[in-house]
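The values are calculated or read from the model by the stated rules, or taken from the named source; none is laboratory data. Note that the structure is predicted; figures quoted are calculated from it, not measured. A quick note on method: Cβ atoms are made from the backbone with ideal geometry, for glycine too, and the neighbour counts reach across all protein chains shown.
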Amino acid sequence: MTSHSAVETAVLVVDMQNDTVHEAGAYASTGAAEHARSQDVVTHVGDLLRAARAAGSPVFYSRILVYPRPGLSGGNAPVFRMLAPETFRLGSWGAQIVDALEPQGDDVVLDRTRMSVFNGTGIDSMLRNLSIRRLLVVGAWTNMAVEHTVRDAADHGYEVALVADATSSLSAEWQQAAVGFALTNIAEITNTETVVAELAG
């Protein structure tokens with residue numbers, strides 16, 4: 001993949017919310033919290049964010065939200081039906097970004113109701129305004145919102161790196177399906193140590 005400077009690179013943190021990865025979150029019983037622990041995902045995302053901020057790379061967060069009015073999240077696909085009605089609810093603890101990864105300074109937080117961050121937010125125009133060419137994507141869940149976002153980012157013309165150990169899913173099997181098969185022709189599959197070194201260099 002083409003080398004880009006830190007100022008041409010942005011970090012996108014997808015759905016690192018309490019309901020997604022916390023042991024007391026709504027989806028802990030599905031295996032999501034256990035897989036997040038096995039990936040050490042919060043630590044890895046934190047390491048990458050510190051490196052990005054030190055290098056001057058912009059940081060974007062996105063949260064998926066469920067609004068109080070029934071039906072706004074849609075019922076057209078199982079994944080949207082799974083979100084409703086109480087999980088990721090606007091204003092709830094479950095919808096909040098985990099404490100260890102709280103946004104800082106001029107970090108941007110974008111909310112949405114769809115899987116892809118490129119669907120329902122202004123991220124594309126924001127990235128273009130900043131002359132961003134490379135996007136480092138981390139977060140949860142790898143085979144759902146992360147994968148949707150990575151595909152859309154590639155379609156929008158960005159070079160995308162998926163930082164595999166800074167992502168997590170519902171299980172190791174779901175994780176491998178995304179990083180080992182589905183996204184190998186879409187994004188560079190990399191790891192936190194490599195990306196931190198690149199940002200520092």
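Just a yes or no: is a residue in region 140-147 on the phi > 0 side of the Ramachandran plot and within 14 Å of the chain's Cα centre (by Cα)?
no
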Task: Single unsatisfied condition, residue 175 versus (1) free of Cβ contacts under 8 Å to residues at least 24 places away in the same chain; (2) within 22 Å of residue 32 (Cβ to Cβ); (3) not in a loop (DSSP other than H, G, I, E, B) - done: (1)
TODO: Evaluate the following for residue 3: is it more than 15 Å from the chain's Cα centre (by Cα), modelled with pLDDT of 95 or more and part of a loop (DSSP other than H, G, I, E, B)?
DONE: no
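Kindly check whether there is at least one residue in region 49-62 that is within 25 Å of residue 192 (Cβ to Cβ), of a type in the set (Lys, Arg) and buried (at least 16 other Cβ atoms within 10 Å of the Cβ).
Yes, region 49-62 contains a residue that is within 25 Å of residue 192 (Cβ to Cβ), of a type in the set (Lys, Arg) and buried (at least 16 other Cβ atoms within 10 Å of the Cβ).
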- [ ] Please go through region 178-201 and pick out each residue that is assigned to a helix (DSSP H, G or I) and under 22 Å from residue 20 (Cα atoms).
- [x] 178, 179, 180, 182, 192
Task: Failed item in (1) crowded, with 22+ Cβ neighbours inside 10 Å; (2) under 24 Å from residue 67 (Cβ atoms); (3) among the β-branched types (Val, Ile, Thr), with residue 121 passing the rest - done: (1)
Task: Residue count, region 6-25 (criterion: surrounded by fewer than 23 Cβ atoms within 10 Å (Cβ to Cβ) and either out of contact with any helix residue (DSSP H, G or I) (no Cβ under 9 Å at 6 or more places or on another chain) or at pLDDT below 95 (or both)) - done: 3
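Here is a yes/no grid of residues against (1) crowded, with 22+ Cβ neighbours inside 10 Å; (2) without any contact (Cβ under 8 Å) to a residue 24 or more places away in the chain:
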position	(1), (2)
94	no, no
99	no, yes
102	no, yes
108	no, no
117	yes, no
Open item on the list: Which of the numbered conditions does residue 201 fail, given that it passes all the others? Conditions: (1) in contact (Cβ under 8 Å) with a residue 12 or more places away in the chain; (2) surrounded by fewer than 20 Cβ atoms within 10 Å (Cβ to Cβ).
Closed with: (1)
Task: In region 63-90, residue farthest from residue 149 (Cα to Cα) [restricted to those that are small (Gly, Ala, Ser) and surrounded by fewer than 16 Cβ atoms within 10 Å (Cβ to Cβ)] - done: 71
